[in-house]
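K.L.:
The structure under discussion is supplied below as C-alpha cells; questions concerning it will follow.
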Amino acid sequence: MGEKTRVETVMAEEMNVVSSFFGVELPSPSRRLEFRKMKSDLDKLNIFSVNWNLADHVRTIGLFILYFLGLGMRVLFTFVPQRMDVCGISTALDSLGNPDSPTIRVALDTDQDHLRIKSSGAIGRALLQVLSLVNDLPASSRKYAFARALTEKIIAENLSHGHGFESVNRVALSAGFQRTLAFLNETLASLHQQKRVGTIWSVPLKFIVRMLPGGGMALPLPAPLSLVRSTIGGFLNPSPHWAHVFPPTRIVYEENGTLMAEKLAEELLWLAQKLSECSALEEAINQWSSCSSLASMALSAKPRIQRSMVRLTALLVHGIVQGNVDVAREVKFKLLLHWIPLFCTATHGGDGVIFNTTEKVDAEKTLAEAIRNLPESDQEVLLAIWLQEYAMSPSDWPNLQSCYDSWCFETRKVGHRAHLDEGK
C-alpha cells in the first residue's frame, strides 16, 4: 500500500514538472479517474464496444424492434380508416334483403311475390342510402334539401304502394333514427369534453391525440393524405357489401360541433315525425327512452339543440297518450324520467323558442296525462323530479301542479282506505 502511494506521488510530481514545462494545466488524479469512469460508461452505450456482452446486444436489438414495430403500427393505424358498425345498419340492410326476415315476410307462392321481396330489399337499401346522405351533407348545401326531399318522396310512395313497403319504411327509418341518435350523442359528448378540457388545452390536446397510435383516425387529414388513407385502408380492410351506403363518419370531429349537433337534433325530430306517419313511433320511443347520458348532456346544450330535443320528446309523449303506440310501462317511465328535467331547464327565449302559447298548453296537458296514466309509485318519482327541477328553474313551464295535487289526493285516498280496512 505504501509502495502504491509512493508511486502515485512520484507520478504526480512528474506530471507537475511536465505541466510547468509546457505551460498547460493537467487534470488532477481524481479528475483523471472520473474521465476513466465516464469512458467506461460510454463504452457500455456503444453497441460496437468490446465491453458489451451477449445480453446487452440482445436487449438493444429487442428495443430497436419494439420501437420500429410501434412506429409501423402508428403509420398503419393512421392510414386505415375507421370502420364504424353504426347502430345495427348492417342488420337492417340484411333484413331488407332477406326474404325470410319477419320485417318483410310475405307469401312466396308465385314468382310475382318473389320479385316483390327483391324489390322491397332494393328500395330499402336506397332509402337507407338517402338517409345516410341526409346525415352527412351539411345543412348549408343545396344538395341537403334535395336529399331530404328525395327521402320524403320515397317514404310517401312506399306508403301509397303498400304490399310490404310499409315495413321497408319502418326498418329504414328506425335504422336512420338510431344512426342519427348515435352521432348526436357522440357530438354532444365531444363538445362536453371540450368544455371540460378548456380552450387553453385544446391545441396541446389535438397535438397529443395526433401523436397517439390511431390518432389519425380521430382527426381529419388534408385532402391528399385523406385520399391516400382511404385508398390504402380500402386495400388493407375491404368494406362489406353495404359499407358504401354508410361511409365512416367525419362529422363528429368537425370543429364547429355545435352547428352539427343542431342539425342532428333537428333531423331526429324530422325522423320521428316520419316514423309517426308510418305508424312506427314506438321505434323512436324505445330508443329515446334509453338515452340517459344524452339527456344529461342536453341540459347544458345550446338553446337551438334543446329546442329540437324538447319538441321530439313532446311528440313521443303525445303518441303515448294518444294510444297510438304499444310500449311497455317501463319504457314510458324511463322516457319521462330522463327527459322531464330538460323540459324544465331548456331555454325558452331568443333562438330557443320551443312552443307558442297554444303548443305550450297542449304539451303541458299531454305531459301531465302521461304521468297520471302510470302507477302511483312511478308518479311519485316523476313528480319529485319535476318539483326539484321546476323550483330551481327560472322558467314557469311546464307547470304540473294540478297533476301533483291530483297525486297527493289519490295517495291520501289510498291511505285513508287502508286505514278503514285495518279498522274493520
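The values are calculated or read from the model by the stated rules, or taken from the named source; none is laboratory data. Since this is a predicted model, take the numbers as computed values, not measurements. So basically every Cβ, Gly included, is an ideal-geometry build from the backbone, and we count neighbours across all protein chains shown.
K.L.:
Restricting the search to the stretch 327-343, which residues are closer than 27 Å to P303 by Cα and among the charged types (D, E, K, R)?
P.N.:
Of the stretch 327-343, the ones closer than 27 Å to P303 by Cα are 331-343.
Answer for the stretch 327-343, where residues must be closer than 27 Å to P303 by Cα and among the charged types (D, E, K, R): K332, K334.
K.L.:
Being over 32 Å from the mean Cα position of the chain (by Cα), of a type outside the set (K, R) and surrounded by fewer than 17 Cβ atoms within 10 Å (Cβ to Cβ): is that true of P394 here?
P.N.:
It is false that P394 is over 32 Å from the mean Cα position of the chain (by Cα), of a type outside the set (K, R) and surrounded by fewer than 17 Cβ atoms within 10 Å (Cβ to Cβ).
K.L.:
Working carefully through the options V209, V203, find the one that is in the same structural domain as V130 (by TED's automatic domain parsing), among the hydrophobic types (A, V, I, L, M, F, W, C), loosely packed, with under 13 Cβ neighbours inside 10 Å and modelled with pLDDT under 85. Working first, answer last.
P.N.:
Working: V209 fails: loosely packed, with under 13 Cβ neighbours inside 10 Å.
After ruling out the rest, the residue left standing is V203.
K.L.:
Kindly evaluate P394 against the criterion of being in contact with an Asp or Glu (Cβ under 6 Å, 6 or more places away or on another chain) and outside any helix (DSSP H, G or I).
P.N.:
no
K.L.:
Right, L271: modelled with pLDDT of 95 or more, assigned to a helix (DSSP H, G or I) and not small (G, A, S) or not? Spell out how you get there, then give the answer.
P.N.:
Details: modelled with pLDDT of 95 or more: yes; assigned to a helix (DSSP H, G or I): yes; not small (G, A, S): yes.
For L271, the condition - modelled with pLDDT of 95 or more, assigned to a helix (DSSP H, G or I) and not small (G, A, S) - is met.
K.L.:
Tell me which residues, restricted to the stretch 123-139, are farther than 17 Å from K274 by Cβ and in contact (Cβ under 8 Å) with a residue 12 or more places away in the chain. Lay out the reasoning, then the answer.
P.N.:
As a first pass, look at the stretch 123-139 and keep what is farther than 17 Å from K274 by Cβ: 125, 136-139.
Passing the criteria: R125, D136, P138, A139.
K.L.:
Listed residues S290, S279; which is in a loop (DSSP other than H, G, I, E, B), among the hydroxyl-bearing types (S, T, Y) and within 20 Å of L159 (Cα to Cα)?
P.N.:
Every option except S279 fails the conditions.
K.L.:
Let me ask something else about it. Using the structure shown, decide if W386 is hydrophobic (A, V, I, L, M, F, W, C), part of a helix (DSSP H, G or I) and either at pLDDT 95 or above or crowded, with 17+ Cβ neighbours inside 10 Å (or both).
P.N.:
Details: hydrophobic (A, V, I, L, M, F, W, C): yes; part of a helix (DSSP H, G or I): yes; either at pLDDT 95 or above or crowded, with 17+ Cβ neighbours inside 10 Å (or both): yes.
Spelling it out, W386 is indeed hydrophobic (A, V, I, L, M, F, W, C), part of a helix (DSSP H, G or I) and either at pLDDT 95 or above or crowded, with 17+ Cβ neighbours inside 10 Å (or both).
K.L.:
What number of residues within the stretch 365-417 are under 21 Å from I320 (Cα atoms) and among the β-branched types (V, I, T)?
P.N.:
4
K.L.:
Follow-up. Could you please let me know if M297 is in contact (Cβ under 8 Å) with a residue 60 or more places away in the chain and assigned by TED's automatic domain parsing to the domain that holds D362?
P.N.:
Details: in contact (Cβ under 8 Å) with a residue 60 or more places away in the chain: yes; assigned by TED's automatic domain parsing to the domain that holds D362: yes.
It is true that M297 is in contact (Cβ under 8 Å) with a residue 60 or more places away in the chain and assigned by TED's automatic domain parsing to the domain that holds D362.
K.L.:
Oh, and also: Kindly indicate whether any position in the stretch 241-260 is at pLDDT 55 or above, closer than 16 Å to E186 by Cβ and not in a helix (DSSP H, G or I). Lay out the reasoning, then the answer.
P.N.:
Let us first name the residues in the stretch 241-260 that are at pLDDT 55 or above, namely 256-260.
Add one more test, that the residue is closer than 16 Å to E186 by Cβ, and what stays is 256-260.
Now restrict to residues that are not in a helix (DSSP H, G or I): 256.
Yes.
K.L.:
For R179, state whether it is touching a Gly at 6+ places or on another chain (Cβ under 9 Å), charged (D, E, K, R), modelled with pLDDT under 90 and on the phi < 0 side of the Ramachandran plot. Walk me through it before giving the result.
P.N.:
Numbers: touching a Gly at 6+ places or on another chain (Cβ under 9 Å): yes; charged (D, E, K, R): yes; modelled with pLDDT under 90: no; on the phi < 0 side of the Ramachandran plot: yes.
Here the answer is no, as R179 does not meet what is asked.
K.L.:
Give the stretch 321-333 a look and list any residue that's buried (at least 20 other Cβ atoms within 10 Å of the Cβ) and at pLDDT 95 or above, or say none. Even if it seems obvious, please write down each step before you answer.
P.N.:
In the first step, residues of the stretch 321-333 are kept if they are buried (at least 20 other Cβ atoms within 10 Å of the Cβ); the result is 325, 332-333.
Residues satisfying the conditions are K332, F333.
K.L.:
Follow-up. Could you tell me which of the residues E359, E330, E389 is acidic (D, E), out of contact with any Lys or Arg (no Cβ under 6 Å at 6 or more places or on another chain) and over 30 Å from M260 (Cα atoms)?
P.N.:
Values: E359 fails: over 30 Å from M260 (Cα atoms); E389 fails: over 30 Å from M260 (Cα atoms).
Checking each option against the conditions leaves just E330.
K.L.:
Regarding the stretch 339-359, can at least one residue be identified that is β-branched (V, I, T), within 25 Å of L275 (Cα to Cα) and out of contact with any helix residue (DSSP H, G or I) (no Cβ under 8 Å at 6 or more places or on another chain)?
P.N.:
Here is the first cut: in the stretch 339-359, the residues β-branched (V, I, T) are 340, 345, 347, 353-354, 357-358.
Right, trim to within 25 Å of L275 (Cα to Cα) and you get 340, 353-354, 358.
Of the ones still in play, those that are also out of contact with any helix residue (DSSP H, G or I) (no Cβ under 8 Å at 6 or more places or on another chain) are 358.
Looking for residues that are β-branched (V, I, T), within 25 Å of L275 (Cα to Cα) and out of contact with any helix residue (DSSP H, G or I) (no Cβ under 8 Å at 6 or more places or on another chain), one finds at least one in the stretch 339-359, hence yes.
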